[in-house]
Amino acid sequence: MAALDSLDLTIAAGECVALMGPNGSGKTTAGELICGLQEPTHGWVRIAGYSMDIEAEAVAARRYLSYVPDNPYLYHDLTVADHMRLVATAHGVARDDMEQRITRLLRSLGLENRADFFPAQLSRGMRQKTAIACAVIRPFSVLVLDEPTIGLDVASVETLRDFLLKSLGTKRAILLMTHDEVFARSVANRVLRIAEGHVWEDEEQPSGKARTTGDEPAPAPARRRTRAAKPADEAAGIDG
């Protein structure tokens, strides 16, 4: 049985797509294929028009791509702020702008009081937010998040939701792999449900910016569809 079969997905700039499904359904495999951490046995992946299957183009594609795995790795001897400086420096963020970005992100993600903490001093949720901060301090057009709400408390989930919605407003594309139905519906424009490597439902959300309250609106009827973005607006695509 293939880990992922016949996934045809295009994510446009300003769009968030959520992949949902049980453990082993193929969500993480999809994210790793898009990020170049696995090679497809069939099909192709393109990021901002660059092929992840051609090494010369893959280098260019990775400049547009940022990824947070479900179990992010942090260096034990670097503080939260040091991690952010390392990633920003590696991706060419100007030194004059770097500290301002760090300050803004620490505040936005509720990490301002943890800037000088080492990973061993952080909770699981704080480590998760550190990884997210590192992913977004660098320039990117496509953000891939694998189970980003794991370990986050309710307030932190709301903070992350608001941050992602703001990112969509700046014409970034987001691929979200999650078990969290409420979170997915509060952020995503589309929800794809997969099982045993196959997409069995492709549901378009009436609004990716809808807030989830105690009186959550009924979702729009699910319908399968194919959608091709204009080349200028296409941020990420996968066809397998």
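The values are calculated or read from the model by the stated rules, or taken from the named source; none is laboratory data. This is a predicted model, so every value here is computed, not measured. Positions of Cβ are backbone-derived with ideal geometry, glycine not excepted, and every protein chain shown enters the neighbour counts.
Quick notes on this one:
Okay, residues lined up against (1) in contact (Cβ under 8 Å) with a residue 60 or more places away in the chain; (2) within 18 Å of residue 65 (Cα to Cα); (3) charged (D, E, K, R):
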{"site": "136", "(1), (2), (3)": "yes, yes, no"}
{"site": "141", "(1), (2), (3)": "yes, yes, no"}
{"site": "145", "(1), (2), (3)": "yes, yes, no"}
{"site": "149", "(1), (2), (3)": "no, no, no"}
{"site": "157", "(1), (2), (3)": "no, no, no"}
{"site": "181", "(1), (2), (3)": "yes, no, yes"}
{"site": "184", "(1), (2), (3)": "yes, no, no"}
{"site": "187", "(1), (2), (3)": "yes, no, no"}
{"site": "192", "(1), (2), (3)": "yes, no, no"}
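- Screening residue 101 with (1) part of a helix (DSSP H, G or I); (2) of a type outside the set (Val, Ile, Thr); (3) modelled with pLDDT under 90; (4) crowded, with 17+ Cβ neighbours inside 10 Å gives one miss only, at (3).
- Per the conditions (1) at pLDDT 80 or above; (2) surrounded by 21 or more Cβ atoms within 10 Å (Cβ to Cβ); (3) under 24 Å from residue 25 (Cα atoms), the sole criterion not satisfied by residue 133 is (3).
- For region 23-34, the criterion of being in the same structural domain as residue 144 (by TED's automatic domain parsing) and surrounded by fewer than 18 Cβ atoms within 10 Å (Cβ to Cβ) is satisfied by at least one residue.
- Among the residues making up region 25-43, those that are touching a residue at least 40 places away in the same chain (Cβ under 8 Å) and among the hydrophobic types (A, V, I, L, M, F, W, C) are 30, 33, 34, 35.
- When region 85-127 is limited to residues that are in contact with a Ser or Thr (Cβ under 8 Å, 6 or more places away or on another chain) and in contact (Cβ under 8 Å) with a residue 40 or more places away in the chain, the one that is nearest to residue 166 (Cα to Cα) turns out to be 108.
- Condition check for residue 82: of a type in the set (Asp, Glu) and under 15 Å from the mean Cα position of the chain (by Cα): no
- Only one entry of 107, 63 meets the criterion of being under 19 Å from residue 172 (Cα atoms) and either touching a Pro at 6+ places or on another chain (Cβ under 8 Å) or surrounded by fewer than 17 Cβ atoms within 10 Å (Cβ to Cβ) (or both), and that entry is 63.
- Residue within region 75-83 that is surrounded by 19 or more Cβ atoms within 10 Å (Cβ to Cβ) and in the same structural domain as residue 149 (by TED's automatic domain parsing) present: no
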